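What follows is calculated from the coordinates using simple rules that are stated; it is not laboratory data. Remember, predicted model here, so these are calculated numbers, not experimental data. Methodologically, a virtual Cβ is constructed for each residue, glycine included, from the backbone with ideal geometry; neighbour enumeration extends over all protein chains shown.
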Amino acid sequence: MSAIIQGFARHPSRFVALLTTLAAAAIFVTPPPGGVTHLAMTGAAICLLAVGFYATVAIPEYLTALAFFTIAMVIGVGEAGVVFSGFHSTAFWMVFGGLIIGVAVQKSGLGARLATTITAKFAGSYLRVVCGVALVSGAMAFLMPSTMGRIILLIPIILALADNLGYQRGSKARTGLVLTLACASWMPSSSILPSNVPNMVLIGVAENLFDITFNYGEYALTHMPVNGFLKMVLIIVLVLTLFPAEKRGDVEIVQHETKPLTPDGRRLALILAVTLGFWVTDFIHHISPAWVAMGAAVVCLFPGVGLVDGDDLKTKVNFPSAIYVAGVLSMGAVLVETGAGDWLGGWLLAHIPLSEDAPFTSFFSIVGLGTLVNMGTTAPSAPAVVGPLATEISALTGFPIATILMSQVISYSTVVLPYQVPPLIVAMHLGGVSLRDGAKMTIALAAISLVALVPINYLWWSWLGLIP
């Protein structure tokens, strides 16, 4: 018994996973209350079980997804078309295409070349270096639609930069550079449609449940000014404030000989330029960003192009991430199909202030609800939990369903603690940043975002006509 207790003490996530498993089992065996069907209780139990393991990562996310598919089919909560609906979503194919593009970016050397070239332009003060790292992190989100891929690619470059500048491991400046990369790779990138997993989950929920499609330009106009640009500025200001450089004066980046871009790199640059052009102009041609990404992926895989070959597809493409996304998307469909979403949503909505007569309070409450769900489920799962409630929230507030769905971008980009976003944890681990320093940054960033950026978002969205 003592060994079990010690094991939970060393790995508290396993204890939380055990508690959610027991809670799911209790819901499954409890007789349904009045007005609630047994199928809704079963759906809620299965989804709670999945959320518990997604949130704690007590087992790998892809394994949680596979277990969810298996249990849902064995118990019979819905037809295969519902349980496996995540694989039908354009969001899944966007992620899959992005994974192949990410391999091409890394293999061709284009990503490293762009990162080192841009960063080298910012020699001078610590302020200029921090701004350079933030700019590189943000720019890469347009080219590499995987936050984890960008982190893995850029961390070695940023650490080498810190070494060149004399920022030793454990120093505030080195911590600041790593956290700039981590936060700037995640929060502002949420304003770019195909740049991370939660965005793809949100797109899947919008299309699968509400037949709503967001195009690249509309999405950027809605989120880029505040959640993109202002959030980036806030990240830079907080890093300079919380993690200032110990030594004063100018810093000099040691220049190394830069090799010419390879033919593969030039070919990929052309492919990405065309891809980005199709993404930006999707309001004209109406081709889904997912099929644009898949088109680019097919070109990268095509014999003769030579960017990604069959061996790369088997060994370098992160298929578990795609399975994970499909599992999260399917969870939202199961919540709706079984009626569990209506039951849970009714309970949640009864406890937050929503009214047509108080639009700002309602807007803040919707964002706050998503932020709390994000803390309990992690960012990729949050839109799958809150998204299905959009119809009920719309009826209470008078907001369009599209506006309610879009508000979840604000919620899952407001990260209170690092565990909510796995790429942040990976960046901190690889960069030697303590959880305490990471939490200090994310808590400050979340607090200011909720106090300052949410009201600015409200004004911006009102001007755009998203809030009546």
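Assuming R0 = 30 Å, can you tell me the calculated FRET efficiency for the pair I352 and I75, based on Cβ-Cβ distance, to the nearest 0.05?
Values: r = 31 Å, r/R0 = 1.03.
FRET efficiency, I352 to I75: 0.45.
Tabulate in residue order the Karplus-calculated ³J(HN,Hα) for region 441-450, using 6.51 cos²θ - 1.76 cosθ + 1.60 with θ = phi - 60°, rounded to whole Hz; enter x for Gly and Pro.
Working through the residues one at a time gives 5, 5, 5, 4, 5, 5, 4, 5, 4, 5 Hz.
Convert each backbone phi in region 396-402 into a coupling constant with the Karplus relation 6.51 cos²θ - 1.76 cosθ + 1.60 (shift: θ = phi - 60°), then list the ³J(HN,Hα) values in order as whole Hz, x for Gly and Pro.
Values, residue by residue: 7, 9, x, 6, x, 4, 4 Hz.
Working out 0.36 nm times the residue gap between H38 and T262, then minus their Cα-Cα distance, what length gain in nm do you get to one decimal?
On the way: separation 224, 0.36 × 224 = 80.64 nm, distance 6.04 nm.
Length gained between H38 and T262: 74.6 nm.
To the nearest 20 Debye, how big is the dipole of the chain about its Cα centre, given +1 on the beta carbon of each Lys and Arg and -1 on that of each Asp and Glu?
1540 debye
In terms of modelled amide H atoms, which long-range or inter-chain residues lie less than 5 Å from the amide H of F84?
Result for F84 returns nothing.
In nm, what is the difference between 0.36 nm times the number of residues separating A447 and L22 and their Cα-Cα distance?
Length gained, A447 through L22: 149.7 nm.
Tell me, C131, C300, C47 in order of fewest to most beta-carbon neighbours within 10 Å?
C131, C300, C47
Taking the mean number of other Cβ atoms within 10 Å as a proxy for protection, how do you rank 351-361, 74-84 from highest to lowest?
On the way: 351-361: 13.1, 74-84: 15.0.
So the peptides 351-361, 74-84, ranked by packing, come out 74-84, 351-361.
Karplus couplings for region 423-440 from phi (6.51 cos²θ - 1.76 cosθ + 1.60, θ = phi - 60°), rounded to Hz, Gly and Pro as x?
Using θ = phi - 60°, the values come out as x, 5, 4, 4, 4, 5, 5, 5, x, x, 9, 6, 4, 5, 5, x, 5, 4 Hz.
Can you compute the helix-only [θ] at 222 nm over the chain? Use -39500 (n - 2.57) per DSSP H run of at least 4 residues, normalise by all residues, nearest 500 deg cm²/dmol.
Numbers: 26 runs with 330 residues, N = 468.
Calculated at 222 nm, the ellipticity per residue is -22000 deg cm²/dmol.
Place a point 7 Å from the Cα of Q168 along the Cα-to-Cβ direction; which residues of region 400-443 have their backbone N under 13 Å from it?
No residue qualifies, since no backbone N sits under 13 Å from the label point.
In whole angstrom, note down how far apart the Cα centers of region 431-465 and region 31-99 are.
Here the two parts' Cα centres lie 30 Å apart.
Straight distance only, please: which aspartates and glutamates reach the Cα of K172 with their own Cα at less than 16 Å, same-chain residues fewer than 8 apart left out?
The reachable aspartates and glutamates, counting only those whose Cα sits under 16 Å from K172, are D163, E246, D437.
Taking H placed 1.01 Å from N in the peptide plane, check which residues at least 5 places from S288 or on another chain put their amide H under 5 Å from its amide H.
Counting only residues 5 or more places away or on other chains, the set is empty.
Which of L99, G339, I425 sits farthest toward the positive end of the charge dipole of the chain, with +1 on the Cβ of Lys and Arg and -1 on the Cβ of Asp and Glu?
Going by the Cα projections, it comes out as I425.
Say R0 is 41 Å: what FRET efficiency, to the nearest 0.05, do S434 and F142 get from their beta-carbon distance?
Computed FRET efficiency for S434 and F142: 0.85.
Anything over 18 Å Cα to Cα? Flag those among K231/K440; K121/K231; K107/K316, in the order listed.
Violating the 18 Å Cα-Cα cut-off are K121/K231.
D for the chain, whole µm²/s, Stokes-Einstein with Kirkwood Rh over alpha-carbon pairs at 10 °C and 1.306 mPa s: what number?
In µm²/s, the coefficient is 69.
Taking only the alpha carbons of region 90-315, what extent do you get along each of the three principal axes, in Å, biggest first?
The principal-axis extents, from largest down, are 54, 40, 29 Å.
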